[in-house]
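Below is one structure, written out as structure tokens, with a few remarks after it.
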Amino acid sequence: MDLNSPAAVALIAAVVSVVGTLLTVRATVQTNHNAAVQTQFQEIIKRRIEYYPKLWKIHIRYETNWTLSGQPKTREWAEQYAQELMDFNLEGGVFFSQPVYAKFYELRSYLYQAMEITQPGAEVPRELTHKIRQSVYGGPGYGPGMSTHIKNDLGSYQSASLARVGKK
């Protein structure tokens, strides 16, 4: 086949046109997909901004303030804490990131364990209240708690992360 013939030139032009069109369509689909994902993620962030402070309030009430006021962490404390978390989870849990959900699950498990092994009116064993606190706040040798993951999800640590990346 003579590549200079009008038929060959037309065939080559047609193939190039089809390939160009396919690449354009693929790029458009990918761009639209990325835009949809970005829009969805923005909506999730808005919901997290709405719900995470409500979750934080539960932790402040049952962990921080309870500890600071010296109130005993009894079976009833564990029941109330777990119930508020479960009530919250019905509406806000769907917006958890996976790391937040993992810590939520861990915390809930420790609270249920506390309810199982603690008699009514009795204090939850100190080692278990320590694990519950670590689930929320993390600690040395334990790693980040739910509070760190919540802050990460909301971007609180983003500027520190970017600064750290720039210093490498």
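Seen against the Cα atoms of the chain and their longest principal axis, helix 98-117 is set at about 20 degrees. Bridging of residue 46 to aspartates and glutamates at a Cα separation below 17 Å is possible for 91, 153, once same-chain residues fewer than 8 apart are set aside.
Label-to-label distance, residue 112 versus residue 154, with points set 7 angstrom from Cα along the beta-carbon direction: 2.8 nm. Angle between the Cα long axis of helix 75-92 and the longest principal axis of the chain, 0 to 90 degrees, nearest 10? Helix 75-92 and the main axis of the chain meet at about 20 degrees. Relative to the longest principal axis of the Cα atoms of the chain, helix 126-137 runs at roughly 30 degrees. For region 2-30 versus region 68-142, the inter-centroid distance based on Cα atoms is 63 Å. Given the alternatives (1) 118; (2) 158; (3) 207, volume of the Cα convex hull per residue in Å³ as computed for this entry is given by (3).
In the chain, helices alone account for a calculated mean residue ellipticity at 222 nm of -25000 deg cm²/dmol, with every DSSP H run of four or more residues adding -39,500 (n - 2.57).
Here's the list of aspartates and glutamates a cross-link from residue 151 could span, going by alpha-carbon distance under 19 Å and ignoring same-chain residues fewer than 8 apart: 43, 50, 63, 106. Be a star and scan region 139-157 for residues whose amide nitrogen sits under 20 Å from the point 7 Å along the Cα-to-Cβ vector of residue 46. Only 153-156 pass the distance filter.
Heavy atoms only, probe 1.4 Å: what % of the accessible area of region 1-126 goes to carbon and sulfur, would you let me know? Each step should come with its number before you reach the end.
Working: 5040 of 8330 Å².
Ligands and nucleic acids excluded, carbon and sulfur reach 61 percent.
Highest mean packing first, where packing is the average number of other Cβ atoms within 10 Å per residue, the peptides 80-92, 4-16 line up as 80-92, 4-16.
Determine the per residue accessible area of region 74-138 with all protein chains present and a 1.4 angstrom probe, expressed in square angstrom. Please list the in-between numbers first.
Details: 3480 Å² over 65 residues.
Value for region 74-138: 54 Å² per residue.
The values are calculated or read from the model by the stated rules, or taken from the named source; none is laboratory data. It should be emphasised that the depicted structure is a prediction, and the values quoted were computed from it without experimental measurement. Cβ: placed from backbone, ideal geometry, glycine included. Neighbour counts: every protein chain shown. Side chains are part of the model used for accessible areas, which takes the heavy atoms of the whole protein and leaves out ligands, DNA and RNA. Shrake-Rupley method; radii C 1.70, N 1.55, O 1.52, S 1.80 Å.
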